[in-house]
Amino acid sequence: MADKKAVPLGGVIPEGGTADGYSTGGWRKLRPVLNKEKCTNCLICWVMCPDSAVITEDGKMIGFDLEHCKGCGICAMECPDKVKAIKMEEEAD
Amino acid sequence: MAITMTKGQAGLTGNSAIAYAMKQINPDVCPAYPITPSTAVIEEFASYVADGAVTTELITVESEHSAMSACIGAAAAGARVMTATSSQGLALMWEMLYIASGMRLPIILTDVNRALSAPINIHCDHSDSMGARDSGWIQLYSETVQEAYDNLIQAVRIAEDETVQLPVMVCLDGFITSHAIENITLLSDEEVQGFVGEYNAKTTLLDIDHPVTMGAMSLPENYIDFKFQQSEAIARSKDTVLKVAEDFEKRFGRKYGLFEGYRLEDAEIAIVILNSAAGTTKVAVDELRKKGLKAGLLRPRLFRPFPFKELAEALKDKKAIAVLDRADSMNGFGGPVFNELRSALYDVPKRPKVVSRIYGLGGRDYKVKDAIAVFEELKTIAETGMVDTLQKYITI
């Protein structure tokens, strides 16, 4: 915003879906890691992810959008007990 | 409730008049959670909804926090939105009040003034709306049922004015004005509709062809710029209040300004007081005038934005002024109106003496004799130029 005073009224951003342009991946302490061999593509992780950071293709789980994944671990927690295809690992490691 | 009118005149309580004005305005959405003493506003408005007299979507919510949240959501969707509350209800809306004004949503709220707990109390004082005085809402205060009715209708135009786009709170005294019947002149539905006009929000969440993001985060890069923009808008709204009042007078004959002066022009001593207690003070002014004392009254109608220049201009020649607050700014410098008015008079060349008197908290009666006692104190201050007690409670 070049002119600091010319901000849109009431903070309205004149377009939708702007969260896409805001990278929240840097907040992550734990990174989800998928074990493709164990995964049954039930897509419970896709349903539960609060940041829409689970990527699917042709109805199959293929990985994570690490630009937006905050590392909350909900996907790993929700992955069924018999499967447990997602593990949270320290970013630092 | 069926309202019987004789030549446009009707006997109505403050609450009935507000509900009737809401019926005539016919807002798109009314989220509400009734609370004493404003309960009857929503009770009667709900009857209008049930009878099909309005097309309003009445949303019964589980708390006032939800009521204001629903107001914000509906206003963001482009609806004309109204609600009513009192006291603890307004207190529970607190965090949402700031969001409504920050998002520049022209929501209209009637606050029937009631004391805040503790001790729990249902009667009139202004601690509820005074607590919301920095929330970015425009605040109009009403002395009578007629003024409350007229203020609510004007509030719609003020809030929605394209140079303003801010929420407006219309305040009237709990029980004293909300439950007492006064003879008032009502406008016709067509007159009200013609005055408020149709509302077309600039941006709406329901316009899927032009999607927008509302209520987004704003960090140090631009938060202050939004606040600067908002501050300018509320300051500007003073002109809109006058412009709307002028059109109201042209159409319907009743005149309103930023404040009302009563026998003020040649007065040497004056009381400054909000809402219904001004009526009591006017009786005291008349009695003292009969005895030759040059007493007068100033009753602010617009408190937010605070018209400091106009008030200072109206009071600059007075010798002594008492500001009577029906709310205490606990351990601040006097009551809220006193504090700001005294500050407004700081730049006047011949500064009048100004004292703070807190009165009538929790609905304690304020009588003509109380006003006369204050005027007698002011007379002494004017004569001696000395202030004995700068701030104190009266009516105790």
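Give the angle, between 0 and 90 degrees and rounded to the nearest 10, that separates the Cα long axis of helix B:223-252 from the longest principal axis of the Cα atoms of chain B. Tilt relative to chain B: about 80 degrees. When the helices of chain B are scored as -39500 (n - 2.57) per DSSP H run of n ≥ 4 and the total is divided over every residue, the value at 222 nm lands at -13000 deg cm²/dmol. Straight-line cross-link partners of B:Lys316 among the lysines, defined as a Cα under 18 Å from its Cα and at least 8 positions apart when in the same chain: B:Lys294, B:Lys350, B:Lys353, B:Lys379. What you get for chain A, charging only the Cβ of Lys and Arg (+1) and of Asp and Glu (-1), is a dipole of about 200 debye around the Cα centre. Taking other residues whose beta carbon is less than 15 angstrom from the beta carbon of B:Arg104, and scoring Lys, Arg as +1 and Asp, Glu as -1, yields -1. Computed from label points 7 Å out along Cα-Cβ, the spacing between B:Asn222 and B:Ile208 is 2.7 nm. Debye calculation, C-alpha points only, no solvent: report log10 I(q)/I(0) for the stretch B:324-396 at q = 0.12, 0.20, 0.23, 0.27 Å⁻¹, in the same order as the q values. Normalising to I(0) and taking log10 leaves -0.34, -0.91, -1.13, -1.32.
Distant-in-sequence amide contacts of B:Thr110, defined by a placed amide H-H separation under 5 Å and a gap of 5 or more residues or a different chain, comprise B:Thr83, B:Ala84, B:Thr85, B:Val170. The ranking of B:Trp94, B:Trp137 from fewest to most other beta carbons within 10 Å of each one's beta carbon is B:Trp94, B:Trp137. Each listed q (0.12, 0.13, 0.16, 0.22 Å⁻¹) maps to a log10 I(q)/I(0) for the stretch B:58-179, found by the Debye formula over equal Cα scatterers with no solvent: -0.39, -0.46, -0.70, -1.30.
Here is the P(r) of the stretch A:23-90: all C-alpha pair distances, binned every 10 Å from 0, give 23, 59, 17, 0 in whole percents. Ignoring aspartates and glutamates fewer than eight residues from B:Lys369 along the same chain, the ones with Cα atoms less than 13 angstrom from its Cα are B:Asp286, B:Glu287, B:Glu377.
Equivalent-ellipsoid semi-axes for the stretch B:9-252 (Cα gyration tensor, √(5λ), whole Å, largest first): 26, 21, 18.
Counting every pair of alpha carbons in the protein assembly as shown, the share spaced more than 33 Å apart comes to 47 percent. The charge dipole of the protein assembly as shown, taken about the Cα centre with unit charges on the Cβ atoms of Lys, Arg (+1) and Asp, Glu (-1), comes to about 1680 debye, rounded to the nearest 20.
Counting only residues at least eight positions apart within a chain, or on another chain, the lysines with an alpha carbon under 27 Å from that of A:Lys70 are A:Lys29, A:Lys36, A:Lys38, A:Lys60, A:Lys82, A:Lys84, A:Lys87. With the biggest extent put first, the Cα atoms of the stretch B:259-393 measure 37, 35, 28 Å across the principal axes.
Along chain A, the exposed loop sites are GluC sites (Glu not before Pro) outside DSSP states H, G, I, E and B with at most 16 other Cβ atoms within 10 Å, and the longest stretch free of them is A:38-66.
Let me confirm the definition first: pairs of Lys residues in the stretch B:142-269, 8 or more apart or on different chains, C-alpha distance under 19 Å. How many are there? Mind showing how you got there, number by number?
Numbers: B:Lys227/B:Lys238; B:Lys238/B:Lys250; B:Lys238/B:Lys255; B:Lys243/B:Lys255.
The number of close lysine pairs in the stretch B:142-269 is 4.
Placing a label point 7 Å from the Cα of B:Val61 along the Cα-to-Cβ direction, none of the residues of the stretch B:149-182 has a backbone N under 12 Å of that point.
Could you please rank B:Thr395, B:Thr280, placing first whichever residue has the fewest other Cβ atoms within 10 Å of its Cβ? Could the numbers behind the result be given before it?
Details: B:Thr395 16, B:Thr280 19.
Fewest to most other Cβ atoms nearby, the residues stand as B:Thr395, B:Thr280.
Per residue of B:209-216, count partner chain C-beta atoms within 10 Å of its C-beta, then hand back the mean as an integer.
Values: counts 0, 3, 6, 7, 9, 5, 4, 7.
Mean shielding count: 5.
Ranked for footprinting exposure by Cβ neighbours inside 10 Å, fewest first, B:His123, B:His210 give B:His210, B:His123.
FYI, it's all coordinate maths here, none of it is from the lab. Note that the coordinates shown come from a computational prediction; the quantities given were computed from them, not determined experimentally. So basically every Cβ, Gly included, is an ideal-geometry build from the backbone, and we count neighbours across all protein chains shown.
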